[in-house]
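Since the structure comes first, as C-alpha cells, the remarks are kept for the end.
What follows is calculated from the coordinates using simple rules that are stated; it is not laboratory data. From a predicted model like this one, the values you see are computed outputs, not experimental measurements. Counting neighbours? That spans all protein chains shown, and the Cβs are built from the backbone with ideal geometry, glycine included.
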Amino acid sequence: MTPLAVRRLVILLGLGLALLYFGAVRAAQPDREHRETLYVFGTLVEIVIFGADEAEARAASAEIGRALQRQHRDWHAWQPGALGDLNAALAAGRGRAVAPPLAALLREGRRLSCLSGGRFDPAIGRLIGLWGFHADTPPEGALPDPAAIDVLRRAAPRMTDLRFDGDRIASVNPTVQLDLGGFAKGAALDAAAAALEAAGIASAVLNAGGDVNVIGRHGARPWRVAIRDPFVWGTVGAISLEPGEVLYTSGNYERFFEQNGARFAHIIDPRSGWPVREIVSVSVLDSSGTRADAAATALAVAGRADWPQVAAAMGVAAVLMIDAEGTLYATPAMAARLEPAGGGFPGPLREVALPHLSAPPECDAY
C-alpha cells in the first residue's frame, strides 16, 4: 500500500471512529482519560481508559498494543507469520503445530462455523483472495472469473475439514485456506479487555473500527455507542452498554467495490462464493466479541429468511438487521435497548422473535 493510500485509509477510519462516539462519551469533559490509537487488523483500534492513574493507564495500553500487534502478525492470512505457515502446510497436505492461542482460536472458529450452519466460515480464504478482499484497501478492476468462483465453491473448503491433535492442525481438504478476518478483531478485543481487567483497569472502551468492547462504566454514565446508518453519513440509533457488553457490526459500506452500478461487498456467502447483496448491515449486542463478530457475518449471509434460526443456534439474542430496502429488523432484546437517533429510526422497524431450539446443533465435539 502506498503512503498516500495509507493516509487516506486512516483518515476515513478516523471519521468512522468519530461517528461511533456520537453524543456519548464526551457529554462532559472527563478527568483522567487516557487514549491510544493503533492500526491493526486492517482498521484503527482506539483504547480509552477512564479514571485510572496516568502511568498505570499508559503501561496497560502499551501492553495491550504490543499484544494486538503480535496477534495481527500471528493471525494474518496473507503475510508471513504463524497462520501463513499453517496455510502453506495445509495446501501441501501436511499438518502443522501452532501456538496454543491460535489453536484455541481455530477450535472456536470451527465451533462457531458449525453453529452457523456454514454461513460463517474462515476456511474460505481462497475465495476472499479471489475477490481481492485480502488487502487493507478495496479491490479494483474486473469481477473474478465466475468459473474460478465455481471451482472453489465446488471444492467446498470448510472449517469442519480441520482436524486437531492437541495443537497440531491438519485438514482433509487441501483447498482450505484460513482467513480469520471474520472474527479475529472480536477475539483480540476480548483478550485485550481481559488483560485490562487483570491489570486493575475498572473503566475502558476498546473500539476497532466501530466494533466495541466496554469495561465498567464511563464515570456515572454507561458507555454509549452509535450504530452507523449504512445508507447515509449518520446513525441508526445508539445503545448504552452495560459493563462487559460488546457491540459488533458487519456491513457492506466500508469494504466493497462497484461494477456497473452494483456493489460487491467483502461479506462472502461460503455456499455460493458470491458477496451478500440482500442485507447491508447486522449489529449484534452480546457479552463475547468473538461470538458477536462471527454472528454478525453469519446473519448477513443467512439473510431475511434464515437469520432468526441462525441467531438462535449461535446463542445471540440482541440483533439489529438492515436490508437493502432500508427495513430494520430487531429482536425483542435489541429493540428494548436501541435508542433512535434524532426524531426516530431512518426506516420501519420490525420486531422479530427468535425461535426456541429444542435441540441446539451438536458442534462442541467436532
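For a paramagnetic label modelled at 7 Å from the Cα of ALA148 toward its Cβ, which residues of the range 173-191 fall within the zone defined by backbone nitrogen distances under 17 Å?
Taking a point 7 Å out along Cα→Cβ of ALA148, the residues of the range 173-191 whose backbone N falls under 17 Å are 175-177.
Under 5 Å between amide hydrogens, which residues at least 5 positions from HIS266 or on another chain qualify, with H placed 1.01 Å from N in the peptide plane?
Residues meeting the criterion, in which the H sits 1.01 Å from N, are ARG255.
Can you give the FRET efficiency to the nearest 0.05 for GLU325 and ALA55, using r as the Cβ-Cβ distance and R₀ = 56 Å? Mind showing how you got there, number by number?
Working: r = 52 Å, r/R0 = 0.93.
Rounded to the nearest 0.05, the efficiency is 0.60.
Say R0 is 35 Å: what FRET efficiency, to the nearest 0.05, do VAL232 and SER287 get from their beta-carbon distance?
0.70
Mind listing the phi-derived Karplus ³J(HN,Hα) values for the range 115-128, rounded to whole Hz, using 6.51, -1.76 and 1.60 with θ = phi - 60°, and x for any glycine or proline?
Karplus-based 3J(HN,Hα) across the range 115-128 equals 4, 7, x, x, 5, 9, 8, x, 7, 9, x, 5, 5, 4 Hz.
From the phi of every residue in the range 337-345, what ³J(HN,Hα) in whole Hz does the Karplus formula 6.51 cos²θ - 1.76 cosθ + 1.60 yield, where θ is phi - 60° and glycine or proline is x?
Listing the rounded values in order: 10, 7, 9, x, 8, x, x, x, 6 Hz.
With the dipole of the range 74-182 worked out from charges on the C-beta (+1 for Lys and Arg, -1 for Asp and Glu) around the Cα centre, which of GLY141, PHE164, TRP78 lies farthest toward the positive end?
Going by the charge dipole, the pick is PHE164.
State, to one decimal in nm, how far the label point of GLU36 lies from the label point of ARG263, with both points 7 Å from Cα in the Cβ direction.
The modelled label-to-label distance comes out at 3.5 nm.
Around ALA192, with a cut-off of 13 angstrom between Cβ atoms, what is the net charge of the other residues, counting Lys and Arg +1 and Asp and Glu -1?
The answer is -3.
Run the dipole for the range 182-283 about the Cα centre, Lys and Arg Cβ at +1, Asp and Glu Cβ at -1, nothing else charged, and hand back the magnitude in debye, nearest 20.
About 140 debye.
Could you give the length gained by full extension between GLU140 and ALA336, i.e. 0.36 nm per residue of separation minus their alpha carbon distance, to one decimal place? Mind dumping the intermediate values first?
On the way: separation 196, 0.36 × 196 = 70.56 nm, distance 4.11 nm.
Computed gain between GLU140 and ALA336 is 66.5 nm.
Calculate one ³J(HN,Hα) per residue across the range 158-166 by plugging θ = phi - 60° into the Karplus curve 6.51 cos²θ - 1.76 cosθ + 1.60, and present them in order as whole Hz with x for glycine and proline.
Calculated HN-Hα couplings, in order: 9, 4, 6, 6, 6, 10, 10, 10, x Hz.
Normalised by the residues of the chain, what does the relative contact order come to in percent, with Cα pairs under 8 Å and at least six apart?
Relative contact order comes out at 17 percent.
Using mean Cβ contacts within 10 Å as the protection proxy, how do 101-111, 206-216, 157-167, 141-151 order, highest first?
206-216, 101-111, 157-167, 141-151
Using alpha-carbon pairs under 8 Å, 6+ residues apart, how would you state the relative contact order of the range 184-258 in percent?
RCO, the range 184-258: 25 percent.
Find how many whole Å separate the alpha carbon centroid of the range 299-362 from the alpha carbon centroid of the range 26-95.
Here the two parts' Cα centres lie 30 Å apart.
Listed highest first by mean packing, meaning other Cβ atoms within 10 Å per residue, what order do 55-67, 299-311 come in?
299-311, 55-67
Would you please give the residues with an amide H less than 5 Å from that of GLY81, counting only those at least 5 places away or on a separate chain, with H modeled from the backbone geometry?
It is none; the list stays empty.
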